[in-house]
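Please treat every number below as a calculation from the coordinates, not as lab data. Worth saying up front: this structure is predicted, and the values here are computed from it rather than measured. As a convention, Cβ positions derive from the backbone with ideal geometry for all residues, glycine included, and neighbour counts pool all protein chains shown.
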Amino acid sequence: MTRGTVARRGAATLLKRGAIGLAVVAGLMTPAIGAAEDASGIDTAHLPGPAKWQDLPDWSGVWRETRNTIFDHATVQPPGASSGTPGAREFPPLTEKWEKVYAHNRELVSKGQFPDPITMCGVPAGFPRVFNLPDVYEFVVRPEESWLLSENGPNVMRIYTDGRDDPAKEDRWLTYTGDSVGYWDGDTLVFSTVAVKNEGTILDRTGLTLSDEMTSVTRMRKIADDLIEAELIITDPIALTEPWHVTVQFERLPDGARVYDYACAENNRNPVTDSGHTITLGPDGKPLDGSSGE
Amino acid sequence: MKLAFRLRRTGLAAGVAVAMAGWALAPVPVAAHHSANSFDSTKVIELEGTVKEFQWTNPHTWIQLYVVDENGANVEWSIEGGSPGTLSRAGWRPSTFKSGTMVRIKVHPMKNGEAAGIFVGAQFPDGSSLGRW
């Protein structure tokens, strides 16, 4: 039996009976969203277990996002905007409540008072922002576990594919990167992410955020020799009215590219003031923006 | 300290050179770690001076450049660049800006006129250049 067969069979068993099915994407089975036990939609209690080494795809090398660090390029306005574009925003299916949150954040952005948490060199980028970072990435795949490693941060995201379930709900606590378990569906890494601490993190600098109720299903595969695509299906009963599909692509750098240390606190001359302004320090360590940064 | 920029027709002499407002340029590429609100990405100014120090550090590199202002005073500019990892993959090295080197550098200046900017491009005495020049 090939691993693909195993994966397909495994995937078939993963679809919850009676769950709300989503569209089949490119002929690949998409886990159902809205399943009873796990809001991510994958029946994490019945994962198929590790793939075989010989069936794993080759994701070696150094990769970077193909576009700038706007999280949802499909809905950003103005089209092609970057995070620094005045007035830039995306249009996820936000609830009325979260539209107000986003509006408030964008108001802070316009005042220069919406600091990027990673500027403070303290916390991880978090999920799903970990899929939306500058600099470069490595994707390390093994049968039982895969890792997303970002140079920026650095951040480490672990995806267990050894058949384990998420921790029981009573045993979970929220972490910035959450808990991810999944399986290999042929050449596609499919995983759910739960228990994400979104408070204090952002998706990008337009002011876009999600709530701590967010969960996600990610399908990640190589769509060309030098191109990996990740499709995230994000659910969030607080922030979103329906599942939000976001696609991110990574291009492979030429052979020989290296990944380096990123010690954020080494010489951070752009601290954030109490008022939320990101300032610049001169060579003497004194703010060039004025003492308050206002 | 706020600097008064002196417009010059040539940029070969030491000092603050041509100020060019309103350039339509690509988004600031080096502000990966923080917002660039303090800097005016619509403006580019050209500096010419002597490298004091190249801080090859995370999360950003910094070129400390001595520039003689219109009053003849030596002003130390802080020019922010990308991370060492990003720059090294683009061919930069810790030795790219050696102390004592005369160099012309274009920056997106701080909005408040302080002596700092975000790196846009540089030209060395041998005519070679980096970034957008």
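Packing here is the average count of other Cβ atoms within 10 Å per residue, and on that basis the peptides A:63-72, A:248-257, highest first, run A:63-72, A:248-257.
A simple spin-label model places the labels of residue A:275 and residue A:169 4.5 nm from each other, with each point 7 Å out along Cα-to-Cβ. The distance separating the Cα centre of segment A:222-294 from that of segment B:30-75 comes to 22 Å. Summarising the label geometry, the points placed 7 Å from Cα in the beta-carbon direction at residue A:156 and residue A:100 lie 4.1 nm from one another.
Between residue A:223 and residue B:90, the FRET efficiency estimated from the beta carbon spacing at R0 = 35 angstrom works out to 0.85.
Over segment A:136-282, what is the mean sequence separation of C-alpha contacts under 8 Å (at least six apart), divided by residue count, expressed as relative contact order in percent? Write out the running numbers ahead of the final one.
Details: 270 pairs, mean separation 20.9, N = 147.
Relative contact order here is 14 percent.
Note that segment A:63-76 has calculated 3J(HN,Hα) couplings of 10, 9, 4, 6, 10, 6, 8, 7, 6, 10, 5, 6, 10, 5 Hz, one per residue in order, obtained from phi through the Karplus relation 6.51 cos²θ - 1.76 cosθ + 1.60 (θ = phi - 60°); glycine and proline are x. With a 10 Å cut-off around each Cβ of A:101-112, the average count of Cβ atoms from other chains is 1.
For residue A:257, project a label point 7 Å along Cα to C-beta. Then give me every residue of segment A:121-140 with its amide nitrogen under 18 Å of that point. Inside the label zone: A:130-140. Spin-label model, residue B:73/residue A:213: points 7 Å from Cα along the beta carbon direction are separated by 5.8 nm. Each of B:127, B:86, B:39 was scored by the projection of its Cα onto the charge dipole of segment B:31-133, and the greatest displacement toward the positive side belongs to B:86; charges sit on the C-beta of Lys, Arg, Asp and Glu.
On the beta carbon distance between residue A:145 and residue A:123, with R0 = 30 Å, the FRET formula returns roughly 0.80. Peptide packing: for B:123-130, A:184-191, the average count of neighbouring Cβ atoms within 10 Å per residue gives the ranking A:184-191, B:123-130, highest mean first.
Could you work out the mean count of beta carbons from other protein chains within 10 Å of each residue's beta carbon in B:33-44? Walk me through the numbers on the way to the answer.
Values: counts 13, 14, 14, 7, 13, 10, 2, 0, 3, 0, 0, 0.
Mean number of neighbouring Cβ atoms from other chains: 6.
Loop-located trypsin sites (Lys or Arg not before Pro) in segment A:136-197 (DSSP state not H, G, I, E or B) with no more than 12 neighbouring Cβ atoms inside 10 Å do not occur.
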